[in-house]
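The values are calculated or read from the model by the stated rules, or taken from the named source; none is laboratory data. It should be emphasised that the depicted structure is a prediction, and the values quoted were computed from it without experimental measurement. Don't worry about glycine lacking a Cβ; one is built from the backbone with ideal geometry, like all the others, and counts go over all protein chains shown. Surface areas here come from the heavy atoms of the whole protein model, side chains and all, with no ligands, DNA or RNA. Shrake-Rupley method; radii C 1.70, N 1.55, O 1.52, S 1.80 Å.
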Amino acid sequence: MHTLVTGGAGFIGSHVVRRLLKLGHTVRVVDDLSTGFKANLDGVLGDVDFMEADLRDPAVSTRAVAGCEVVFHIAALASVPRSMKDPGTTHDVNVNGTFHLLEAARQAGVRRVVYSASSSAYGDTPALPKVETAETLPRSPYAASKLAGEHYVLSYARAGLVEGVALRYFNVFGPRQDPNGPYAAIIPLVFSAALHGTTLRIFGDGEQTRDFTFIDNVVKANVLAATVEGASGSMVNVGAGDRTSLNDLVRVVQEITGRTINVAYDAPRAGDVRDSLASMERAREVLNYTPDVSLRDGLKELWQWEASQAAAASS
């Protein structure tokens, strides 16, 4: 199968690329390297057709999809705080980039687009778990932009223009997730604090909950979404089906690492939701998807990777 992975030099994309190569598929990657890194593809870069380019240029999308059967559209500006400061760029990348890619896919006869959507579309509604039939109440330009992209993909699918499946990710974590910069996700920051003895900043009281989902589970969902018959036109949650408070997360990481983590609490951030938990019923029904790796096992695997990276850097 000839595939395209947009954002393939990013955290999630680089894991999808590796799995596709392992399964014997041909892989093209397009990434503008604004948030991704070629180093994420170390060891496999020579096995992919790499394009450093920006999907906001329609000509780039046309070149990227040529000859591809399936497109995994993972590229995005994935940050709530960034979108609050610069909503225009977030919209341009996440909405316009998606539209140009869909149009190119339609014209090139691509079979299916697998879209990386976001659980941020649900907003801060109190009902748990989050079910796909719930009203969407995005609380940030980022959430709105990802929801808009999701609607484009599914509308094209339902109109018969190109097959499409949208995967609403919850809080994904795993190796190669960047802990640097002002918009880093919480788990790499927790591990960075454990490794380096720095203080972890938590926005809010730490009792807010998240459905933390190990990267291998997300990769599994992507492969299923590309291949399962009858899935086109569907939007499904991709999570673990369990929720953990940030304070409990810190306690588990301390147990795994054997290190004390210093925590400083700050005011809650605008746009952040209080609680998140994925309903997994539709994922089981539509994709036959269930998560294979638990939070604790994923954290153990991540700690082994973090420790090996730190040892290699110091040698």
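Listed values, structure above:
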{"quantity": "Members of segment 214-246 that are in a loop (DSSP other than H, G, I, E, B), open to solvent by 10 Å² or more (accessible area, probe 1.4 Å) and closer than 25 Å to residue 300 by Cα", "calculated": "240, 241, 242, 243"}
{"quantity": "Residues satisfying the stated conditions in segment 20-39, i.e. over 28 Å from residue 92 (Cα atoms) and either free of Cβ contacts under 8 Å to residues at least 60 places away in the same chain or assigned to a helix (DSSP H, G or I) (or both)", "calculated": "20, 21, 22, 24, 25, 26"}
{"quantity": "Flag for residue 70 being within 15 Å of the chain's Cα centre (by Cα), among the hydrophobic types (A, V, I, L, M, F, W, C) and under 25 Å from residue 236 (Cβ atoms)", "calculated": "no"}
{"quantity": "Check on residue 279, open to solvent by 30 Å² or more (accessible area, probe 1.4 Å), at pLDDT 95 or above and among the polar types (S, T, N, Q)", "calculated": "no"}
{"quantity": "Test result for residue 252, of a type outside the set (S, T, N, Q) and open to solvent by less than 40 Å² (accessible area, probe 1.4 Å)", "calculated": "yes"}
{"quantity": "Residue match in segment 276-286 (condition: in contact with a strand residue (DSSP E or B) (Cβ under 8 Å, 6 or more places away or on another chain) and under 17 Å from residue 179 (Cβ atoms))", "calculated": "no"}
{"quantity": "Among (1) touching a helix residue (DSSP H, G or I) at 6+ places or on another chain (Cβ under 8 Å); (2) open to solvent by 30 Å² or more (accessible area, probe 1.4 Å); (3) among the hydroxyl-bearing types (Ser, Thr, Tyr) - the single one residue 35 does not satisfy", "calculated": "(1)"}
{"quantity": "Residues within segment 59-85 that are open to solvent by 30 Å² or more (accessible area, probe 1.4 Å), in a loop (DSSP other than H, G, I, E, B) and at pLDDT below 95, tallied", "calculated": "1"}
{"quantity": "Failed item in (1) in contact (Cβ under 8 Å) with a residue 40 or more places away in the chain; (2) part of a helix (DSSP H, G or I); (3) open to solvent by 10 Å² or more (accessible area, probe 1.4 Å), with residue 101 passing the rest", "calculated": "(3)"}
{"quantity": "Residues within segment 122-152 that are acidic (Asp, Glu), in contact (Cβ under 8 Å) with a residue 24 or more places away in the chain and not in a helix (DSSP H, G or I), tallied", "calculated": "2"}
{"quantity": "Hits in segment 22-32 - residues which are open to solvent by less than 80 Å² (accessible area, probe 1.4 Å) and not charged (D, E, K, R)", "calculated": "24, 25, 26, 27, 29, 30"}
{"quantity": "First in segment 287-315 and closer than 21 Å to residue 251 by Cβ and open to solvent by 40 Å² or more (accessible area, probe 1.4 Å), second anywhere and of a type outside the set (Gly, Ala, Ser) and part of a helix (DSSP H, G or I), Cβ under 6 Å, 6 or more apart", "calculated": "300/256"}
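Yes/no matrix, rows are residues, columns are (1) under 19 Å from residue 13 (Cα atoms); (2) more than 17 Å from the chain's Cα centre (by Cα):
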{"position": "116", "(1), (2)": "yes, no"}
{"position": "124", "(1), (2)": "no, yes"}
{"position": "129", "(1), (2)": "no, yes"}
{"position": "139", "(1), (2)": "no, yes"}
{"position": "142", "(1), (2)": "yes, no"}
{"position": "147", "(1), (2)": "no, no"}
{"position": "150", "(1), (2)": "yes, no"}
{"position": "155", "(1), (2)": "no, yes"}
